[in-house]
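What follows is a set of notes on a single structure, which appears directly below.
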Amino acid sequence: MMPLIEIRMTVNGREYGGRVESRLTLADFLRNELNLTGTHLGCEHGVCGACTILVDGEAVRSCLLLAVQADGATLMTVEGLADGDELHPLQAAFQENHALQCGFCTPGFLMTAYALLRDNPNPSESEVRQGIGGNICRCTGYAPIIRAIQQTGTV
Amino acid sequence: MDIHEDIARPELARMVRGRGRFVDDIKLPGMCFAAFVRSEVAHANVKSINVEEALKVPGAIGVITPDEVLPHVNPVRPAAPGSSEFARPYDRYPVPPRNGDGWKVNFVGDPIVAVAAETAHAAQDMVEAVVVEYAPLPTVGNVEQALAPDAPTLHAGMGDNIVFHREFGGGDVARAFRQADLTLEKTFRFPRQTAVPVETRGVIAHYDRGEERLSVWASCRSPHLVRTTISAVMRLPQHAVRVISPDVGGEFGIKGAAYPEGIVLAFLSRKIDRPVKWVEDRMENLLACGHAHEMVVEVSAAASSDGRILGVDAKVLVDQGAHTLGPTSAGLEPMTAGQSIVGPYRIDNFRCDAYGILTNKCPGAAYRGVGTVQGVFVIERMMDMVAARLGLDPAEVRMRNFIQPQDQPFNTSAGRLYDSGDYPDTLAKLLDVSGYERLRAAQAEARAQGELAGVGICCFVEHSSTGSQDYRRRGVYGMPAFDSATIKVDAGGNVLVAVSAKSTGQSHDSVFASLVARELGVPYETVKILEGDTDAVPFGAGTGVSRSAVSTGGAIRLAAQDIKRKAAEIARFFLEGEGEALEIADGQIYAAADPSRRVPFASVAAAAHDASRVVSLPDSIERGLQSTRTFDPPHQTFGHGAHLAFVRIDPETGIVKVEQYVCVEDCGTIIDHVIVDGQVVGGVALGIGNALHEELVYSESGDLLTGTFMDYLVPTAPDIPAIQTTHTETPSPFTEGGVKGVGEAGTVGAFTAVGNAVADALLPLGVEVTHPPVGPQRVWRLINSGAEAGGGQGN
Ligand code: FES
Ligand code: FES
């Protein structure tokens, strides 16, 4: 067995700790150790964006980070967007605009869009297109996702 | 009859919260993790398999080798009686079959051994530690090599590599060519592509030795068909197998079958007496899940000087890879491609020689637009080529060849019966909506300045909702094609609807719930849809061939009529009106003549369950309020459409930019515009990717060179233009409510509209486009060679 390393982090406002193998990815840690299965894995090599979360405010691909690299960090995942029963406006806009079909890519788009709108409120259509250019959706053709993000405007 | 757009879509709310439940999200008590040792050689005899070191890995639980599976399984025979009569027999096993004193592997990625460990990492460590010794055999890399007289054969007992062959057609092709003013001969090469849903395949198998029952959680669209295969192969009675399909993260055709990995996993679970999960990684998905679309089509067309196509003679050579997937798929691509070549046109003389051919590559699978994409590309490119030769406008040539609406239903020379559709009107609408004249003017202006710009049109018909009769006509027997719905109303008036379809992103929860609400006259909020569990839903074919709206929708309508009849019968005990007409709306049953005489649907439901304080039913009325009905589409329906793409090409880089995209779609009566638009726009994006980028490339030795998303390029938002959609609605005379399927139309139209637009842009250079995808490399080479470039995009 590989030696286990002790880590602590804040996820969606809650403190978590664990002992992990150094090779465990952050995505696997969130999904398997913390049961936060909203973060999805579509490629595990950094291209599809499904695993996007916020680490200390930055949108990152959690499949490319090791859990130990997030020691001490503050994280936000898709489960942290809504305020209890109340959907975050971005989530509501995704629902309303039918910005998802199978929904597998959705958490990654939501987190990417969240960071995008925070850094650049009310982006133009082409800014949104570029901004989500690192995320793959096979179902929607992107148009309703772009609509939902533009409609939300700010976060 | 459009449902309203602001209905709650419960499936979406769950997903945006990150509360989907996909296979990889499921944890069972005691669950462990599997991984597969896969062949590293394209064609070989495995001489030895050594698992000793693997079992020493910390966390190792056990392994399954081929010899532990082979004695206990029935092979799947693509050509067994009861499947396709034009397919050739060979035995397919879920593990490499015995071959002398070794085991035969047929593609890089062929699963050889399954391992189980306490963690997914430990399972990977075990895979690394298994030692496999190969005796390589010559590789059959493409259809030409497979058909060579001295080609090695892939499967014992076959004699050659032809797994499907059928000749079909109608009219007199030879005479058409004798009468022709113009003949064209072309060879088209289509790339190997794959669906790549963002969620890869995943399976959890749990063989419960106490109950002697196998439960399988699989990301799939046809749980009952998967159960049928598993039970047949594993020699288990069907009721001893339960297949559950939780949320499915996209599939586009590829998650329809029971894959060998799932069956091996079941054996592994039985052996180690633990639930075991396997989720493939993206490399496995690209390497070994299932490939599609690769084929060579040799075609000649005879035309008259006024642009009428008099006859077409085609040879379709489909590269199936190492296996056909299931009982129907041997002929799936060859037949669909061949039959699609006549398109929406009146081509009275047609002959097609369709082959499915085995090679040492990943096995074949269905992928959105199966075969139709290629058949349509062939005829639509030929239309443009005829137009160019005769100096006619491509739209005009199409107008001259269309089947006219008054000739519907129309029997094509390729053996299909189209149901309805006004093709000239649809094209006229496209030209109007897209501003065709203006685009041609823009193109002329670009050309005058030495720039490359092109307009591409694609007109097509798209079959959907294949019924069992259609299968039989294609020579496929024993293929259930019906779907089912059970509607159960409980004593409180809530409506539970269990259906054989399985949503993989088509919002069945809201589409079917609103259909039921409308048919029954009850509030939408009281209806719940249940899918994806063979223990809980009635038997049926499941989702596929863009069929759910027609087949499951048909079954729902029939079951709802039963419920309404019975509810009315019971309502008479409340309303005490003999024989008067009753209606149901807004959860109330009332007298048509006097709506003030009414009873709530919920009270009737209570009475049906002996739970009413007001009415107690006589014994002659059966208790409960439920019905199960099936619907077998009596005939395929044919949606149609016309798409247009306007592209500009950068001559320096070969990069194609799709600037405008317009489509006019007719999928019969539309149940839900939002869903239909979603299917069309998503399909177009997929089709643009297929046209411009997606290509799986193999090396000469049979290694896949495109095993990651860095090499197999799927479109992201900057690649996709705004897509403008318009609908016409020609109800099908063949289905309940006039519905036709729509799931594949976008892909079919886009692949060719973009292909034709690129070809049109390159026309002044005197080059022809016959080998998609037309991405930067191939286009650059076309621009710089003045001739069609051969080889893979990656060469
Ligand atoms: S799973 Fe992380 S980018 Fe695809
Ligand atoms: S909604 Fe299915 S991948 Fe985006």
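A few comments on the model shown:
- Residue match in the range B:37-56 (condition: within 14 Å of chain A (Cβ to nearest Cβ) and assigned to a helix (DSSP H, G or I)): yes
- The residues listed here are A:A113, A:A82; of these, the one that is within 16 Å of ligand 1 (Cβ to nearest atom) and over 20 Å from A:E44 (Cβ atoms) is A:A113.
- Screening the range A:60-71 for residues that are open to solvent by less than 50 Å² (accessible area, probe 1.4 Å) and free of Cβ contacts under 8 Å to residues at least 60 places away in the same chain and picking the one that is farthest from ligand 2 (Cβ to nearest atom) gives A:L65.
- The range B:707-723: number of residues that are open to solvent by 10 Å² or more (accessible area, probe 1.4 Å) and more than 9 Å from chain A (Cβ to nearest Cβ): 4
- Any strands (runs of 3 or more DSSP E) falling wholly within the range B:615-700 and containing at least 3 residues that are among the polar types (S, T, N, Q): B:626-631
- Candidates A:I136, A:I146 - the one that is more than 16 Å from ligand 1 (Cβ to nearest atom) and within 27 Å of B:S503 (Cα to Cα): A:I146
- Hey, B:T466 in contact with an Asp or Glu (Cβ under 6 Å, 6 or more places away or on another chain) and away from ligand 1 (no atom under 16 Å from the Cβ) or not: no
- Residues within the range A:75-95 that are open to solvent by 50 Å² or more (accessible area, probe 1.4 Å) and either over 14 Å from the mean Cα position of the chain (by Cα) or at pLDDT below 95 (or both), tallied: 5
- Total residues in the range B:182-219 satisfying the condition of being in contact with a Phe, Trp or Tyr (Cβ under 9 Å, 6 or more places away or on another chain) and either within 16 Å of ligand 2 (Cβ to nearest atom) or acidic (D, E) (or both): the figure is 9.
- Sub-8 Å Cβ pairs linking a first residue in the range B:60-73 that is under 10 Å from B:M234 (Cα atoms) to a second residue that is of a type in the set (S, T, N, Q), at least 6 apart or interchain, number zero.
- Yes/no for B:A123 being more than 20 Å from B:A44 (Cα to Cα) and among the aliphatic types (A, V, I, L, M): yes
- Applying the condition of being open to solvent by 10 Å² or more (accessible area, probe 1.4 Å) and either in contact (Cβ under 8 Å) with a residue 40 or more places away in the chain or not charged (D, E, K, R) (or both) to the range B:21-33 and asking which residue is nearest to the other protein chains (Cβ to nearest Cβ) yields B:D25.
- Restricting the range B:676-706 to residues that are acidic (D, E) and away from every other protein chain (no Cβ under 14 Å), the residue that is surrounded by the most Cβ atoms within 10 Å (Cβ to Cβ): B:E695
Residues are listed down the side, and each one gets a yes or a no for (1) open to solvent by less than 20 Å² (accessible area, probe 1.4 Å); (2) among the hydroxyl-bearing types (S, T, Y); (3) touching a residue at least 24 places away in the same chain (Cβ under 8 Å):
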{"residue": "B:M234", "(1), (2), (3)": "yes, no, yes"}
{"residue": "B:S245", "(1), (2), (3)": "yes, yes, yes"}
{"residue": "B:G249", "(1), (2), (3)": "yes, no, yes"}
{"residue": "B:G253", "(1), (2), (3)": "yes, no, yes"}
{"residue": "B:E261", "(1), (2), (3)": "yes, no, yes"}
{"residue": "B:R270", "(1), (2), (3)": "no, no, yes"}
{"residue": "B:D281", "(1), (2), (3)": "no, no, yes"}
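- Criterion violated by B:S732 - all others in (1) open to solvent by 20 Å² or more (accessible area, probe 1.4 Å); (2) away from every other protein chain (no Cβ under 14 Å) satisfied: (1)
- So B:G307, is it in a loop (DSSP other than H, G, I, E, B) and either within 30 Å of B:G59 (Cα to Cα) or within 16 Å of ligand 1 (Cβ to nearest atom) (or both): no
- Odd one out for B:H673, checked against (1) under 26 Å from B:E437 (Cβ atoms); (2) surrounded by fewer than 23 Cβ atoms within 10 Å (Cβ to Cβ): (1)
- Any hit, the range B:199-212, residues being farther than 27 Å from B:P29 by Cβ and either within 16 Å of ligand 1 (Cβ to nearest atom) or not assigned by TED's automatic domain parsing to the domain that holds B:L28 (or both): no
- Single residue of the range B:385-407 satisfying the filter (charged (D, E, K, R) and surrounded by fewer than 24 Cβ atoms within 10 Å (Cβ to Cβ)) that is nearest to the chain's Cα centre (by Cα): B:D407
- Residues in the range A:1-42 that are within 16 Å of ligand 2 (Cβ to nearest atom) and open to solvent by 10 Å² or more (accessible area, probe 1.4 Å): A:L41 only.
- Out of A:G57, A:G72, sole residue that is within 12 Å of the chain's Cα centre (by Cα), more than 14 Å from ligand 1 (Cβ to nearest atom) and modelled with pLDDT of 95 or more: A:G57
- Verdict on B:P223 being over 22 Å from the mean Cα position of the chain (by Cα) and away from ligand 2 (no atom under 16 Å from the Cβ): no
- Residues of the range B:408-464 that turn out to be over 30 Å from B:F168 (Cβ atoms), free of Cβ contacts under 8 Å to residues at least 12 places away in the same chain and open to solvent by 50 Å² or more (accessible area, probe 1.4 Å), as a count: 9
- Residue check for B:V754: within 16 Å of ligand 2 (Cβ to nearest atom), within 14 Å of chain A (Cβ to nearest Cβ) and not small (G, A, S): no
- Qualifying positions in the range A:118-152 - within 18 Å of the chain's Cα centre (by Cα), more than 8 Å from chain B (Cβ to nearest Cβ) and open to solvent by less than 20 Å² (accessible area, probe 1.4 Å): A:A148, A:I149
- The conditions of being over 21 Å from the mean Cα position of the chain (by Cα), assigned to a helix (DSSP H, G or I), away from chain A (no Cβ under 13 Å) and not aliphatic (A, V, I, L, M) are met by B:G737.
- Scanning the range A:74-117 for residues that are facing chain B (nearest Cβ under 8 Å) and polar (S, T, N, Q), we see that the one that is farthest from ligand 2 (Cβ to nearest atom) is A:T77.
- Applying the criterion of being touching a strand residue (DSSP E or B) at 6+ places or on another chain (Cβ under 7 Å) and within 14 Å of another protein chain (Cβ to nearest Cβ) to the residues of the range B:236-277, the residue that is nearest to ligand 2 (Cβ to nearest atom) is B:G249.
- Within the range A:24-49, residues that are in contact (Cβ under 8 Å) with a residue 40 or more places away in the chain and within 7 Å of ligand 1 (Cβ to nearest atom) sit with their Cβ atoms under 7 Å from residues that are open to solvent by 20 Å² or more (accessible area, probe 1.4 Å) and of a type in the set (G, A, S), at 6+ positions apart or across chains, in these pairs: A:G49/A:G134.
The values are calculated or read from the model by the stated rules, or taken from the named source; none is laboratory data. Everything quoted here is computed from the prediction, not taken from an experiment. Reconstructed Cβ throughout: ideal geometry from the backbone, glycine too, with neighbour counts over all protein chains shown. Ligands, DNA and RNA are stripped out before the accessible areas are found, and what is left, the full protein with its side chains, is counted by its heavy atoms. Shrake-Rupley method; radii C 1.70, N 1.55, O 1.52, S 1.80 Å.
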